[in-house]
Each structure stands twice: as structure tokens, then as C-alpha cells.
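The values are calculated or read from the model by the stated rules, or taken from the named source; none is laboratory data. Being a predicted model, the structure only gives us computed values, none of them experimental. Note that we place each Cβ from the backbone using ideal geometry, even for glycine, and neighbour counts take in every protein chain shown. Surface accessibility is based on the protein's heavy atoms, side chains included, excluding ligands, DNA and RNA. Shrake-Rupley method; radii C 1.70, N 1.55, O 1.52, S 1.80 Å.
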Amino acid sequence: MITRRNLLAVTAGGAALGAVLPRFAFSQEITEKTVFHDPDAPVLGNPGGDVTVVEFFDYQCPYCKKIHPTVEKVVREDGNVRLVLKDWPVFGGASIFAAQAVLGAAQIGKYETAMEALMKTTGKLTEEDVEKALTGAGLTMKEIAAAVNTHTAKISGLLDRNYNQALAFNFAGTPSFVIGRTTFAGVLDEKGLKEAIAEARAA
């Protein structure tokens, strides 16, 4: 159904870098616009928010799934944050399958349903686990497969851009964040996330 892609496998977690970015000038492709405003990247929260939180994540990353409710809570309670979700499937084939499937669901208006279903899973995933979670949320794999096949170039292009951006930021694994002009490699708790948003807003 979904074409597999070979991505660099790295471990999850990592200490917060907190590296201030004087400018987004890694390459012609990786700019402030492409990081914060990729037209193909799913955006939750307030699309017109004054602060953008970019999260690089993997559906098999236990830390990503653990902090997901916290990220959603902070974004919801703030009310003025754009949350840009960037799939960075670093844990192998099942992660790639999951990312492509959810991005396929996005093409039929079912992104949040699919994303939330996989964020609620636990442990390592197989392709069968991914399918079970998605169908359990009321989606059909036939419809998702058709969307993925129709939008293969779009989905693959987005995943490639996410991958290149993560490497440019020197992220070692998931979750990793870009908030304002600061990067955070690793888990951000509620206090840390709120502080990062406040700092970005004040800058």
C-alpha cells in the first residue's frame, strides 16, 4: 500500500539544546518560511497564532506519546499558538508506514482522528498495529491507501523536508521542538513549554 522509505535510525530523547538561532540559513530549502509555514504540514491550535510551536515526532516514540496530551493542553489553554506537527519517522518501517498513513488521512480531512488514534498506542508498533488503531478510530485502510497513492509525491516531499530540517537543526531524535528561534531536543514538560512560548512571544 505505502512505499517504504529509508531514513536514518536514531535513538529517542536527548538533552534540551536551547540553542538560540540567529537566523534560519541552513540552506535555500530550509528557511523560516519552510520550517514554520510548510503548506503541506498539518497545523493544529490557532492557525493565526502569534507563536508557532514546531514538533518533530515519531508515532513509535514513547516520549512523544507521553507528552502529547501536555502539548495539546498548553496549546489549547494558551489559545494563540500554532502547533505545526512534523512527522520524523526515525524508528524504522512501521514508523514510516504510520506517518504516511496519517498524512494520507489528512488528505481526506481525517488528520486529527488518525493522529490521535496512533498517539494513544503504546509500545513498538507493527503495520498491523497501525491499521488496527486507525480502523478502530473509524477509518478505512482502503480509503487511506487511495489517498496515499494519489498524493504520494506530496507526502514523500513533506517527509523529506521534515527529515532535512531535523538534520539541519542537529536533532538527535524525537521529540524535538522549534519554538521561536530556539530549538529544544528532547522532552519539554508543561512548565518548560509555557516558558518557551512566553520567551518566543516576548522576542
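Helix 127-136 and the longest principal axis of the Cα set of the chain meet at an angle near 90°.
Projection of the Cα convex hull of the chain, averaged over all directions and equal to a quarter of that hull's surface, yields 10.3 nm².
Between exposed trypsin sites (Lys or Arg not before Pro) in the chain, where DSSP calls loop and at most 13 other Cβ atoms lie within 10 Å, what's the longest gap?
Maximal segment without exposed cleavage sites: 24-119.
Give me the percent of the accessible area of the stretch 149-203 that comes from carbon and sulfur atoms, probe 1.4 Å, all protein chains in place. Numbers along the way, then the final one.
Numbers: 1260 of 2390 Å².
Result for the stretch 149-203: 53 percent of the exposed heavy-atom area is carbon or sulfur.
Rounded to a whole number, what % of the accessible area of the stretch 36-123 do carbon and sulfur atoms account for, probe 1.4 Å? C and S atoms contribute 51 percent here.
Calculated mean residue ellipticity at 222 nm for the chain: -14500 deg cm²/dmol, from DSSP H runs with n ≥ 4 weighted as -39500 (n - 2.57), summed, divided by the residue count and rounded to 500.
Rolling a 1.4 angstrom probe over the protein heavy atoms, how many square angstrom per residue are accessible across the chain?
On the way: 9420 Å² over 203 residues.
With all protein chains present, the chain gives 46 Å² per residue.
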